[in-house]
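The values are calculated or read from the model by the stated rules, or taken from the named source; none is laboratory data. Keep in mind that what you see is a predicted model, and the values were worked out from it rather than measured. Quick reminder, even Gly has a Cβ in these numbers, built from the backbone with ideal geometry, and neighbours come from all protein chains shown. Note: accessible area is taken over every heavy atom of the protein model, side chains too, but ligands, DNA and RNA are not part of it. Shrake-Rupley method; radii C 1.70, N 1.55, O 1.52, S 1.80 Å.
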Amino acid sequence: MQRYISPIGFSPHLVTRPIIAAGISAGDQVEILRPTQPDTASEERAQNAVDDVKSTLAGVVSNVTVAVEEIDLEEFGTTVTRCSQIITDREPRVVCLGAGATDLHVPLTVATIAHADHVAQTMLYSDLGQTTEEISMPALTTSLPGRTRDTFRALSTADVTEISLGDLTALTDVDRTTISRH
């Protein structure tokens with residue numbers, strides 16, 4: 001079973017084309033991320049787009065589950081965090097980019113880059129070229145060795161704006177020269 005994650009705006013083909021190109025199969029699950037709509041007319045257009053996605057996918061393959069997650073776009077950081085939670089929730093996952101409002105597309109892209117190790121495949125639909133392709137996300141994150149991670153964790157959780165090497169040494173139980181190197 002594959003799990004697809006895609007934002008949606010008002011254009012259902014921006015969602016369905018990358019999912020179909022990735023090879024949707026019976027038993028797969030599609031999670032549509034839909035922004036909270038500001039008014040009744042927009043809400044109706046968004047729901048029509050979701051209904052069109054469900055109808056199109058049902059015509060391509062049977063037994064596909066489509067779930068809709070409404071995302072509040074009030075604050076960028078909160079939206080990135082919610083997209084991150086969705087990506088890291090369950091495996092396997094294919095993230096489809098290229099659809100949806102920019103206010104949702106950008107946070108989902110940031111979350112996809114941040115959690116690239118949790119993403120099996122990233123698909124992109126280009127409305128300009130009417131093309132779908134698998135893309136590689138840039139590797140912008142790294143894994144830190146255990147002791148280095150402890151130092152950075154202590155720095156990030158210290159409830160001060162400045163901290164001395166001695167205080168950091170006491171917090172981490174790592175010697176001063178090692179802290180200095182980190």
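Odds and ends about this structure:
- Test: residue in the range 1-17 that is touching an Asp or Glu at 6+ places or on another chain (Cβ under 9 Å), open to solvent by 30 Å² or more (accessible area, probe 1.4 Å) and under 17 Å from residue 99 (Cβ atoms): yes
- Within the range 79-138, tally of residues that are small (Gly, Ala, Ser) and closer than 20 Å to residue 20 by Cα: 7
- Helices (runs of 4 or more DSSP H) contained in the range 116-182 and holding at least 2 residues basic (Lys, Arg), open to solvent by 50 Å² or more (accessible area, probe 1.4 Å) and more than 30 Å from residue 8 (Cβ to Cβ): 146-157, 176-181
- Answer from 88, 112 - the residue that is open to solvent by less than 50 Å² (accessible area, probe 1.4 Å) and either of a type in the set (D, E, K, R) or in contact (Cβ under 8 Å) with a residue 24 or more places away in the chain (or both): 112
- Those residues of the range 28-46 which are loosely packed, with under 14 Cβ neighbours inside 10 Å and within 22 Å of the chain's Cα centre (by Cα), in sequence order: 36
- Output for the range 106-123, where each listed residue is under 26 Å from residue 46 (Cα atoms) and either modelled with pLDDT under 90 or among the hydroxyl-bearing types (Ser, Thr, Tyr) (or both): 109, 112, 122
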